[in-house]
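The values are calculated or read from the model by the stated rules, or taken from the named source; none is laboratory data. This structure is a prediction, so every number in the text was calculated from the model and none was measured. Neighbour counts are summed over all protein chains in view; Cβ atoms, including those assigned to glycine, are modelled from backbone coordinates with ideal geometry. Protein only, heavy atoms only, side chains kept; ligands, DNA and RNA dropped before computing areas. Shrake-Rupley method; radii C 1.70, N 1.55, O 1.52, S 1.80 Å.
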Amino acid sequence: MRPSVSCFFYNEIIFTNEQAEKSAMTQYLSGLPNAGAYVNQAIRLVMAGVPSDYSAFYFDIRGFSRINRKYGQMQGDGIIRRYGRKLVEFIQKNECVGHLGGDKFVAMIRQERKDAFIAFLSDVVIEIDKDGSPEKLHISATIGEWDIERDEIDPSEIIGRPSLGLSYAKSELGTTVVSVTDAALEKLNQKKTVLGTYRDALENDEFIVYYQPKVDSRGNILVGAEGLVRWMHDGEMVSPGVFIPPLEQNGDILLLDYYVLQRACADIRGWVKAGLEPVVISVNFSRKDLADRHLAENIFNIIEESGIDKSLIEIEVTETVDEEEHGTLTEFINSLCDLGIRTAIDDFGAGYSSLSTLREFRANTLKIDRSFINTDDFSWKDEVILTDIIHMAGELGMDVITEGVEREDQLALVNNAGCHVIQGFFYDRPLPKEEFEKRLMDKQY
Ligand code: C2E
Ligand code: MG
Ligand code: MG
């Protein structure tokens, strides 16, 4: 019996059942499988083998809107079609590729060919017609990628996971490939939690300030402390390394830094009231906070309103490579200096540091970073540099403190180099306020 062939009309085009079925599964422009068909194929593939043999990709063409503008939409469509064909040429029998529309593509590639695929995507060459003569167009992609790590996967993860990687890659300037491992996913989720619950947490006083003592090793006397923020979230203490980077990214860190300063001022006031002799407390301000043009003035007002002596607060900031930021930072430090508020250059020697920092900034204190003394290959050359920096800072009228001193030998090394004020686990970890108060009562170590 002849199979029945029913037809339907759409915009004057006649489809057979078979064609209609095919068009429902393919992307009209490239002819590649569309989202639904791709997921089906991918599931079949990975289930026929071992899922953890595969990497799932989600990628788009860098600067495609620019290409479209330059060559026009017709040529743009042609470029997408030819790009799709190049992808098909690359994949092997046990791999698959799909086109989600626009310049967005997906692929399931065997893990041993993952690096080759990434290299391939970094430069796909397409011949195009430019005013009648052929021209070579080099196309690179921004890529989200997921190495499947287990043998049970949810179909939604096949596109969902690498797509998270792609959106992350796009949010970080200059990044072309982001792998979404289980650990990375947890970090992304953490970031979402931080940003979603931060304002409530601030209102509910979930942020608390710990104090890490600074000790003058010449007489083992407490001479100061750094206020370091902690987040008590759902009964767990979250460290700044987790929540500060996302807050810095969206500019929300400013509210937290003002809050920490207020808490520190209130604590100092409490100590004075209780008859304890306070020490200088340093508080960190993120470089992102410099976007607030009234930062120095607001800091001054917070300290004034608390009623404490302003010489009891020191503001810590880190240096920067960015020239524009450098200018703003100089201005900020100068303003604080004019307002009679102490400043410190934090993390000196971590990554980028320049001697001009010592010359240009009117900061009161130089904090030598722990990475300076925490290297396995600390050589006599490092010692000479450290000694000279400490000497120079001293000659320029700055106080010097070294962070991250954990052991006796590190203490000896730093002392030999001429620095005697120490902040590090060797003396104390960051302490809750009540613990720190005990140190204030008896400053002797
Ligand atoms: P930081 O300002 O350089 O603070 C010193 C960090 O080194 C602290 O980490 C402290 O616990 C750690 N540390 C001190 N001594 C030692 C040591 O001997 N060994 C080791 N391994 N670590 C030591 P923490 O509290 O986790 O803070 C990390 C960073 O987070 C701080 O580095 C600072 O950049 C930032 N941060 C902390 N509180 C605030 C805040 O209120 N506002 C802003 N903007 N940033 C903050
Ligand atoms: Mg600091
Ligand atoms: Mg530091």
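Assorted remarks:
- Across the range 150-163, the number of residues qualifying as touching a residue at least 12 places away in the same chain (Cβ under 8 Å), out of contact with any helix residue (DSSP H, G or I) (no Cβ under 6 Å at 6 or more places or on another chain) and over 18 Å from Val97 (Cα atoms) comes to 2.
- Test: residue in the range 391-413 that is open to solvent by 20 Å² or more (accessible area, probe 1.4 Å), of a type in the set (Ser, Thr, Tyr) and either closer than 29 Å to Val260 by Cβ or assigned by TED's automatic domain parsing to the domain that holds Tyr211 (or both): no
To keep it simple, each residue is scored yes or no on (1) surrounded by 16 or more Cβ atoms within 10 Å (Cβ to Cβ); (2) out of contact with any helix residue (DSSP H, G or I) (no Cβ under 8 Å at 6 or more places or on another chain); (3) in the same structural domain as Asp216 (by TED's automatic domain parsing); (4) of a type in the set (Ser, Thr, Tyr).
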| position | (1), (2), (3), (4) |
| --- | --- |
| Ile244 | yes, no, yes, no |
| Val272 | no, yes, yes, no |
| Glu277 | no, no, yes, no |
| Ser282 | yes, yes, yes, yes |
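- Just one of the listed residues (Glu316, Glu323) is assigned by TED's automatic domain parsing to the domain that holds Gly224 and modelled with pLDDT of 95 or more, namely Glu316.
- Some residue of the range 347-359 being of a type in the set (D, E, K, R), within 21 Å of Arg429 (Cα to Cα) and either within 16 Å of ligand 3 (Cβ to nearest atom) or in contact with a Cys (Cβ under 9 Å, 6 or more places away or on another chain) (or both): yes
- Among helices (runs of 4 or more DSSP H) entirely within the range 111-203, having at least 3 residues that are at pLDDT 85 or above and of a type in the set (A, V, I, L, M) singles out 114-122, 155-171.
- Top-ranked residue of the range 394-430 - restricted to ones that are assigned to a loop (DSSP other than H, G, I, E, B) and within 13 Å of ligand 3 (Cβ to nearest atom), ranked as nearest to Tyr211 (Cα to Cα): Pro430
- Of everything in the range 211-229 that is open to solvent by less than 40 Å² (accessible area, probe 1.4 Å) and not in a strand (DSSP E or B), the residue that is farthest from ligand 1 (Cβ to nearest atom) is Gly219.
- Which listed residue is closer than 16 Å to Ile268 by Cβ, within 16 Å of ligand 2 (Cβ to nearest atom) and touching a Ser or Thr at 6+ places or on another chain (Cβ under 7 Å), from Ile299, Ile315, Ile345, Ile333: Ile315
- Among the residues here, Glu236 does not qualify as within 16 Å of ligand 3 (Cβ to nearest atom) and among the acidic types (Asp, Glu).
- Residue match in the range 230-240 (condition: small (Gly, Ala, Ser) and either touching a Leu at 6+ places or on another chain (Cβ under 7 Å) or surrounded by 14 or more Cβ atoms within 10 Å (Cβ to Cβ) (or both)): no
- One residue alone among Leu188, Leu202, Leu164 is outside the structural domain of Asn250 (by TED's automatic domain parsing), open to solvent by less than 40 Å² (accessible area, probe 1.4 Å) and aliphatic (A, V, I, L, M), and that residue is Leu188.
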